[in-house]
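Participant: My questions all concern the structure below.
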Amino acid sequence: MTVSKKYNNQELGALYESVKARDPDQKEFLQAVEEVFETMEPVFDKRPELLPVMARLCEPERMLQFRVAWRDQKGKEHVNRGYRVQFNSAIGPYKGGLRFHPTVTLSIIKFLGFEQIFKNSLTTLPMGGGKGGSDFDPKGKSLIEIETFCQAFMTELSKHIGPDTDVPAGDIGVSPREVGYMFGQYKRLKNQFVGILTGKFLQFGGSLIRPEATGYGLVYFVKEMLEDKGDSFEGKKVAVSGAGNVAIYTAEKLLEFGATVLTMSDSSGYVYFEKGITREQLTAVDTHKVANRGRLSDFKEGKFVEGERPWGIDTKYDIALPCATQNEIEEADAEKLVKAEVKLVAEGANMPSTSEAIAIYHKNKIEFGPAKAANAGGVAVSGLEMAQNSARLSWSKEEVDEKLKGIMKSIFNASKSAAKEYNTHLQGGANIAGFLKVAEAMLAQGVF
Ligand SMILES: NC(=O)C1=CN([C@@H]2O[C@H](COP(=O)(O)OP(=O)(O)OC[C@H]3O[C@@H](n4cnc5c(N)ncnc54)[C@H](O)[C@@H]3O)[C@@H](O)[C@H]2O)C=CC1
Ligand SMILES: O=C(O)CCC(=O)C(=O)O
């Protein structure tokens, strides 16, 4: 038996080694598994019968990989790779977004799908875990090419999804526009108007507050973290990364709550707003990045710093909210957070902190809100969109926002109470609370 040195619990160490031996090259997936295992020793010490359940949970129920062939506007053929990993359906239909980005691999989709199992469980709603996407690069493509690609992608995906089977949504590179093209293609192929995707436009079954939900939910979660320590957002300086869906609505809610937002970023660098971004500037970033699909290097306001991440800004600040992509806070970045006297990190993006960075947060007593809990607001409102679609009605903005607030509060409370029971931090508590619900369901449903 090969046992990893990281674990005191020998069986858990052996399980990690066997997961690694199966897919030694899937480094992002292994990083996500390791992050969970490292926080869960107390659970398996107390309940060893759950170890075989974890072994099953690490292996997706089904993985689809398919060819997506399409023609550009000049008639040239292209071939991309499409994926859908249907990871776990113990507590509901597979649910999770689709990512269109050139860096997409099976390892990326598996890490995202694995995390989605725990996250969806925390939302309190009946959703299993899944994720999909393609290595298609939307950058520089015309609208017609994007529509053509989405139709080609859905032509295959439509054979494997359904409102009670698997309900995808957006992620990086997939906005309501792409969701709309895919929804139209599904309808054309199946002759059915059903809620097979969430994050739709309002006119055909989308939910109010879904576009805002991940960012708003993140800020509601941080509010819970602050209030738990008798603190608030008033006067807090916040560095935000990203300039897409999650980052924009995070910044919007932060301004509403009286915080100062110092930065926004993309892969070209970051913009530093020394006095804090104004509402007008935020609208301008949104138009420039989301509507016009521009780069921040061409943005006219604030101070642009090329090729850097925002964590090393030349000032002290209180909170860091990574909202762009995975592994955007590495060890050296985390050291910069310590130097800037940051007190709290909460993750809007999925797995934005490396394990070395997380170790630095814990060592320096930086409060840490992990992605599976902190960014669960998006998928939670997707769950509410599914409920509205099934009932064939739509709820008001206020109704959805109130439900979102309630869900983020309950995620915080569940994570905190598991952390207390197992004598660990909020990160561990979120993993444990998310896992236990799925594990009990898997036990009750028998081995398969
Ligand atoms: N949209 C949603 O509802 C949810 C998204 N997430 C996660 O949030 C993160 C952002 O997603 P969205 O805002 O939806 O995507 P998006 O496509 O709207 O925006 C992504 C942003 O990240 C930036 N970015 C991408 N790669 C980068 C890199 N290598 N370096 C620096 N910046 C980079 C892009 O320029 C863009 O500003 C992702 O990790 C995603 O998985 C998590 C939960 C739900
Ligand atoms: O709304 C959804 O189903 C997708 C959300 C998602 O992909 C995520 O939480 O990372």
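Participant: Looking at the chain, what % of its DSSP beta bridges pair antiparallel, to the nearest 5?
Facilitator: Roughly 55 percent of the DSSP beta bridges within the chain come out antiparallel.
Participant: Apply the Karplus parameterisation 6.51 cos²θ - 1.76 cosθ + 1.60, with θ equal to phi minus 60°, to every residue of the stretch 126-142 and state each ³J(HN,Hα) to the nearest whole Hz, in sequence, with x for glycine and proline.
Facilitator: Calculated HN-Hα couplings, in order: x, 9, x, x, x, 7, x, x, 7, 7, 5, 9, x, 4, x, 8, 6 Hz.
Participant: Below 8 Å, C-alpha to C-alpha, sequence gap of six or more: please give me the relative contact order for the stretch 212-374 in percent.
Facilitator: About 22 percent, as a whole number.
Participant: For the pairs K236/K405; K46/K223; K6/K409, note any where the Cα-Cα span goes beyond 24 Å.
Facilitator: The pairs that break the limit, which is 24 Å between Cα atoms, are K46/K223; K6/K409.
Participant: What percent of all Cα-Cα pairs in the chain falls into each 10 Å bin, going from 0 up to the bin containing the maximum distance?
Facilitator: Whole-percent P(r) values from 0 Å outward: 4, 22, 33, 27, 12, 2, 0.
Participant: What full-extension length gain, to one decimal in nm, is calculated for E331 and Q31 as 0.36 nm per residue of separation minus the Cα-Cα distance?
Facilitator: Gain on stretching E331 to Q31: 106.5 nm.
Participant: Can you check how the C-alpha radius of gyration of the stretch 225-328 compares to 2.2 N^0.38 Å, as a plain ratio?
Facilitator: Relative to the 2.2 N^0.38 Å estimate, the stretch 225-328 comes out at 1.01.
Participant: Run the numbers on the chain and let me know its relative contact order in percent, using alpha-carbon pairs under 8 Å that are six or more apart.
Facilitator: In percent, rounded to a whole number, it is 15.
Participant: Using alpha-carbon pairs under 8 Å, 6+ residues apart, how would you state the relative contact order of the stretch 34-154 in percent?
Facilitator: 26 percent
Participant: Kindly flag which residue pairs out of K237/K339; K300/K339; K76/K159 have an alpha-carbon separation exceeding 19 Å in this structure.
Facilitator: Checking Cα-Cα distances, K300/K339; K76/K159 exceed 19 Å.
Participant: Among E212, E335, E347, which one shows the biggest mean-square fluctuation in a GNM of the chain, springs joining Cα atoms closer than 10 Å?
Facilitator: Highest fluctuation among the options: E335.
Participant: Another question, if that's okay. Under the Kirkwood approximation for Rh and a Cα-based Rg, what ratio Rg/Rh is obtained for the stretch 1-61?
Facilitator: Dividing the radius of gyration by the Kirkwood radius yields 0.93.
Participant: Sorted by mean Cβ packing within 10 Å, highest first, what order do the peptides 248-255, 217-224 take?
Facilitator: Averaged packing, sorted descending, gives the order 217-224, 248-255.
Participant: Further question: Relative to 2.2 N^0.38 Å, what does the C-alpha radius of gyration of the stretch 350-410 come to as a ratio? Two decimals please.
Facilitator: 1.53
Participant: May I ask for the distance between the Cα centers of the stretch 5-72 and the stretch 258-279, given as a whole number of Å?
Facilitator: 37 Å
Participant: Additional query: When the chain is fully extended, how far beyond the present Cα-Cα distance does K74 get from A444, taking 0.36 nm per residue of separation?
Facilitator: Fully extending the segment from K74 to A444 adds 127.7 nm.
Participant: Treat each spin label as a single point 7 Å out from the Cα along the C-beta direction, and report the N292 to E156 distance in nm.
Facilitator: It works out to 3.6 nm between the two label points.
Participant: If you add up the charges near A284, with Lys and Arg at +1 and Asp and Glu at -1, over every other residue whose beta carbon is less than 9 angstrom from its beta carbon, what do you get?
Facilitator: Result for the local shell: -2.
No lab work stands behind these numbers, since they all come straight from the coordinates. Because the structure is predicted, anything quoted here is derived from the model rather than measured. Please note: Cβ atoms are built from the backbone with ideal geometry, for glycine as well, and neighbour counts cover all protein chains shown.
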